[in-house]
Structure formats: structure tokens, C-alpha cells
Amino acid sequence: MLHVNENYSKIRASYLFTEIAHRVAAHQEANPSAKVIRLGIGDVTEPLAPAVVAAMHRAVDDESARETFHGYGPEQGYAFLREKAAKFDFQDRGVDVAADEIFVSDGAKCDCGNIQELFAGDVTIAVGDPVYPVYVDTNVMAGRTGANDGGRYAGLRYLTCDASNGFVPSPEAADGCDIVYLCYPNNPTGAVATKEQLQAWVDWANASKALILFDAAYEAFIRTPGIPHSIYECKGARSCAIEFRSYSKTAGFTGVRCGYTVVPKGLVAYAADGTPVELRPMWTRRQTTKFNGASYLTQRGAEAIYTPEGAAQAKATIDFYLENGRLMKEALSRMGYSVTGGGDSPYLWVDVKGDSWAFFDRLLKEANVVTTPGAGFGRAGEGYIRISSFNSRENVLEAIERIGRVL
Ligand code: PLP
């Protein structure tokens, strides 16, 4: 008899966005003329930068002639992209990352989900709460947890992120864990971590032979000087951290699909007998076996954001989203709500002083505005809603006005 991987049955139906869609559809059906504004889902709304579009058009032309045609590319990514990412994202900022430590992919979600394959089944994992669900569910599928009890899986360590710790847990909470997922700027809370906070995590990881999986998908939103864009800005991080980057929010690639992962040379985990095993060759093997590279067109498009005009255009789009966030944060603060994020992140995490689904329903029914209830991101998300800055200015201003009327 063919048996399924029963770990899948442990996964609590990820009902968050389905439930939101269901409630929005019901509301829309009951109120066909209502103009619903969606500030829920974290997808970008603005088009690709013209420099990216032009580069992708040129890449299509390359594919149309025998002399410039590209078939299968290197699984780790083309050198033209890896070299520019290493230079502009790291070296020019004084951070030590080389092109051959960069592995281009079709986005950070896959890499965040796939990386756990490199580690033993019995490693202990720590995640923030609230959390981007990919870190959790991929480890559940791999059998590293027990059942879900009241929203938390047995065997996982949850690091509560709330107002008491500024939404950044301290490393002692992960004592005894082998791997910790950190994401700053954070989805969903929009919080950022200071250099000192990240340095404390790096020191902890090196001292306890643990690994930090650092998700920097939103680093391009950081505007406050001194907030690290990369974990490798911290001393000693090369020996204890892997970093995920994404062009999705940096350059509007949510539909195009491109990102990369940094696995430094010399970064090790250990065999059962204690022998150090380098992770970079393992990740190379994993990618060359199971992945055939991001498309040539995509990588040429990503390369264009490292040109002066591409960089300026991508930054202007992010500035636009940040201004949306600033306007919403200012308005909500004026209404007496405590808001995290919105300054160095596309997300606002609003303390609604009560049940997050009830607040969601109120904004939907009375203001025709869709948000995301914090409870969907974990137990510690209850009492908050997430608002996304990805929208047109017109919609943002209208949403502010409507929310103001309701609250
Ligand atoms: N990491 C975080 C924290 C995210 O919020 C997202 C997307 O929402 C991703 C990774 C996925 O990015 P990508 O589109 O590159 O797969």
C-alpha cells in the first residue's frame, strides 16, 4: 500500500488568506456596489522599473538569434547577476560576500523552504511568533514537529515578538536550539532589528554552534541609518548565518520571480560524529540536483536594478510605498492606535486593543477595507492587524478617510 507523508496531515489548514477571501467575497456579494480597498495581501501594485523592462526586452531579443541564444544556464545563477549582487548589495557597503557565495533562485520563498533539507531530522528549530508561515510549515512537512496544539506545533520553539521586546526576541529565548529563523524588517510586524540586537544573535549562534537563517526580503525598505540591511554586517556572521534576498519587494518581481541566497564559504554544520561539514557545497549540490536556474530573461531584468537608472527607479517605487505607509501610520496614530513598522518596512502592525478578527470584520463591513488579522500569523499576533502599504495613493488616502470615519 502506498503511504503518504503523514506530516502533511499535521499542517493546520492555512486558512488565513482563504478565510479572508471568503469573508471579502461574502461582503462583496451582500454589497455589490461597495468599492473594497485591499490592504491585506503583501503583493506589490506598481509596475516594473522601465530599466528592468528594457533589459528583459533586450534579453528576449538575445533569445531570438542563434549567436546570442541562452539555453540552460548555470543552476547557481549567471555570473553577471551574482557579481553585481555581491558588489552592490554587499561589497560596496563594506560587507564581505563574494559572487560565488550567492545562489540565484526563483525567489526567497523556495529558498527559505528548501534550506531545511540540509539538516538532520532531529535539529531543534526556533521561529518568531508571529511568523512568516513558510519557516514553520516546511519543517512540519519534513517531520521536525509534533502535532499542532492550539496554534503551536510541539517540538518547535516559539519566540514571542510583542511590544515588551519591541518585536525582536533576545537570543536566550532560543537557548538549546540549533536553527533560528530571523526576518528583519519583519513580516508581519514591520519591526526592524538594530545592529546590537543582531550582533547578540550572531554571538549567541557562534557560541552555541547554531545557525541563523536570516530573511532579508524587505531590506530595501530600510531608511533609518544604522539599521543593518544584511546579517553579515555583524562581526562573525559568516560563520553562523545564511541570508535570503528577494527581488520581489525590492524591484516588483513578485510575478517575475527572482531572489538569491548567500551561503558563505567556511560555514559549517556537523556530522553525527562531530566532523564539520561545509554547507556551501551541500547547497550547491541541492540546487544543481533539484533546480535548473532562474530564467535568463529574469536574471537580465534583475541585473538592471544595479544600473544607476534601474536603482533610482526601484528606489522611487519603494519610496512611494513608504510614503503610503507613513500616511497610514500618521493617521492611525492620530486615531490613538499604537503602530509598529511602516517606516523601514511595507507593513504596519496595528495594536487593535482587542480581537483581531473582530477588528478585521469591522473595517471590512463598515469601511470596505481589507486588512490581515494578526492571529493568522501566530498566537502572539492576536490583538493586531497587519496593513500593507502596497497600493495606489488614491486607495490609501481613501482607506484612511474611511477608517477615520469608522474608528
Ligand atoms: N520572505 C518573507 C518574509 C516574505 O514576506 C516573502 C513574501 O511575501 C518571501 C520571503 C517570499 O519572497 P519571494 O517572492 O522572493 O518568494
Please state the relative contact order of the chain as a whole percent: Cα pairs under 8 Å, 6+ residues apart?
-> 23 percent
Which whole-angstrom value gives the distance between the alpha carbon centres of segment 217-278 and segment 302-330?
-> 21 Å
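Could you tell me the relative contact order of segment 92-201? Use alpha-carbon pairs under 8 Å, at least six residues apart, and round to a whole percent.
Numbers: 119 pairs, mean separation 28.4, N = 110.
Contact order relative to length: 26 percent.
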Distribution of pairwise C-alpha distances over the chain, 20 Å bins, in % = 26, 57, 16, 0
Taking the chain as a Gaussian network, Cα atoms linked when under 10 Å apart, which of 263, 369, 134 shows the biggest mean-square fluctuation?
-> 134
State, in angstrom, two size descriptors of segment 39-195 derived from its alpha carbons: Rg to one decimal place and Dmax to the nearest whole number.
-> 19.8, 61
Which order do the peptides 315-325, 337-347 take when ranked by the mean count of other beta-carbon atoms within 10 Å per residue, highest first?
-> 337-347, 315-325
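How about segment 1-74: which chymotrypsin sites (Phe, Trp or Tyr not before Pro) there lie in a loop by DSSP and see at most 12 other Cβ atoms within 10 Å? Walk me through the intermediate numbers first.
Values: sites: 8, 15, 17, 69, 72; in loops: 15, 69, 72.
Of the chymotrypsin sites (Phe, Trp or Tyr not before Pro), the ones in loops of segment 1-74 whose Cβ has at most 12 other Cβ atoms within 10 Å are 15, 69, 72.
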May I ask you to list the lysines whose Cα is less than 29 Å away from that of residue 265, ignoring any residue fewer than eight positions away on the same chain?
-> 84, 87, 109, 195, 209, 235, 249, 290
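Over segment 1-155, what is the mean sequence separation of C-alpha contacts under 8 Å (at least six apart), divided by residue count, expressed as relative contact order in percent?
Details: 86 pairs, mean separation 39.3, N = 155.
That works out to 25 percent.
Taking segment 226-272, which trypsin sites (Lys or Arg not before Pro) meet the DSSP loop condition and have no more than 16 other C-beta atoms within 10 Å?
Working: sites: 235, 238, 245, 249, 257, 265; in loops: 235, 257, 265.
Filter output for segment 226-272: 235, 265.
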Find, among the trypsin sites (Lys or Arg not before Pro) in segment 123-229, those assigned to loop by DSSP (not H, G, I, E, B) with at most 16 other beta-carbon atoms within 10 angstrom.
-> 209, 223
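What accessible area per residue, rounded to a whole number of Å², is obtained for the chain using a probe radius of 1.4 Å?
Working: 17340 Å² over 407 residues.
That works out to 43 Å² for each residue.
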What is the Cα radius of gyration of segment 193-308 over 2.2 N^0.38 Å, N being its residue count?
-> 1.20
Given the options 231, 385, 37, which has the most mean-square fluctuation in a GNM of the chain, springs set between C-alpha atoms less than 10 angstrom apart?
-> 37
Segment 166-212 to segment 367-407: how many Å between their Cα centroids?
-> 28 Å
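The values are calculated or read from the model by the stated rules, or taken from the named source; none is laboratory data. Computed from a prediction, not measured in an experiment: that's the story for all the values here. We place every Cβ from the backbone using ideal geometry, glycine too, and count neighbours over all the protein chains shown. To get the accessible areas, we keep the full protein, side chains included, count just its heavy atoms, and leave off ligands, DNA and RNA. Shrake-Rupley method; radii C 1.70, N 1.55, O 1.52, S 1.80 Å.
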